[in-house]
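The structure appears right after this line, and notes come after that.
The values are calculated or read from the model by the stated rules, or taken from the named source; none is laboratory data. Computed from a prediction, not measured in an experiment: that's the story for all the values here. Using ideal geometry, Cβ is built from the backbone for each residue, glycine included, and neighbour counts are taken over all protein chains shown. The protein model used for the area step is the full one, side chains on, heavy atoms only, and it has no ligands, DNA or RNA in it. Shrake-Rupley method; radii C 1.70, N 1.55, O 1.52, S 1.80 Å.
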Amino acid sequence: MAAPDFMGLALAEAKAAAEAGEVPVGCVVVKNGEVLATANNRTLRDRDPTAHAEVLALRGAAKKLESERLIDCDLYVTLEPCTMCASAISFARIRRLYFGAYDPKGGAVESGVRFFSAPTCHHKPEVYGGIGEAEAAAILKNFFAAKR
């Protein structure tokens, strides 16, 4: 049996967001090989500036585990998280963060403020960037090209 493709699930979520007219970002939270939650951006649909894929997936996983601490959980997201999402990932105590496309403009992990390197950051997950980067970047590029 093949290993689960968690980034593939996140990419499918990103495509669903694009179809709904949202910035195409998808996210999956996993523990022990089990998908706890999936989400995609819903800022427009929910009229909520905090409805980023990562925040929604973290909320879903926390509800499923009945805990605000997502110990031993991994998060897969198609775009480098922004500062808000990086902070939520830290507070949730995510073990590993896997992200697809780098975001030099709005990212806060390897770009921008590099949130996890800040002395005020309470918890830093292991970070793996560039996972499925080409497909994640293409989804974003195509979405924004169609908007212009």
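Once the piece of chain linking residue 126 and residue 67 is laid out straight, how much longer is it, given 0.36 nm per residue of separation minus the C-alpha distance between them?
Result for the pair: 19.2 nm of gain on full extension.
Just flag the trypsin sites (Lys or Arg not before Pro) in the range 1-49 sitting in loop per DSSP whose Cβ has no more than 12 other Cβ atoms within 10 Å.
Answer in residue order: 47.
In nm, to one decimal, how far is the residue 48 label point from the residue 113 one, both placed 7 Å along Cα→Cβ?
Reported label-point gap for residue 48 and residue 113 is 2.1 nm.
Pairs 105/147; 31/147; 31/124; 63/105; 64/124: which are spaced more than 27 Å apart, C-alpha to C-alpha?
Violating the 27 Å limit, Cα to Cα: 31/147; 63/105.
Among the GluC sites (Glu not before Pro) within the range 1-109, which fall in a DSSP loop and have no more than 14 other Cβ atoms within 10 Å of their own Cβ?
Listed in order of number, the matching sites are 66, 68.
Which value, in Å², gives the accessible area per residue of the range 53-148 when a 1.4 Å probe is used on the protein heavy atoms?
Solvent-accessible surface per residue comes out at 53 Å².
Spin-label point model (7 Å from Cα, Cβ direction): what's the residue 91 to residue 20 distance in nm?
Label-label distance for residue 91 and residue 20, simple model: 2.2 nm.
For residue 91, what charge total do you get from the other residues with a beta carbon under 13 Å from its beta carbon, if Lys and Arg give +1 and Asp and Glu give -1?
Combined, the nearby Lys, Arg, Asp and Glu give +2.
Just to check, using Stokes-Einstein with a Kirkwood Rh over alpha carbon pairs, what's the diffusion coefficient of the range 6-52 at 25 °C and 0.890 mPa s in µm²/s?
Translational diffusion coefficient: 229 µm²/s.
Over the range 64-129, what percent of the accessible surface lies on carbon and sulfur atoms, probe 1.4 Å?
In the range 64-129, the share of accessible area belonging to carbon and sulfur is 50 percent.
Starting at 0 and stepping by 10 Å, how many percent of the alpha carbon pairs of the chain end up in each bin?
Answer for the chain: a P(r) of 13, 46, 35, 7, 0 percent.
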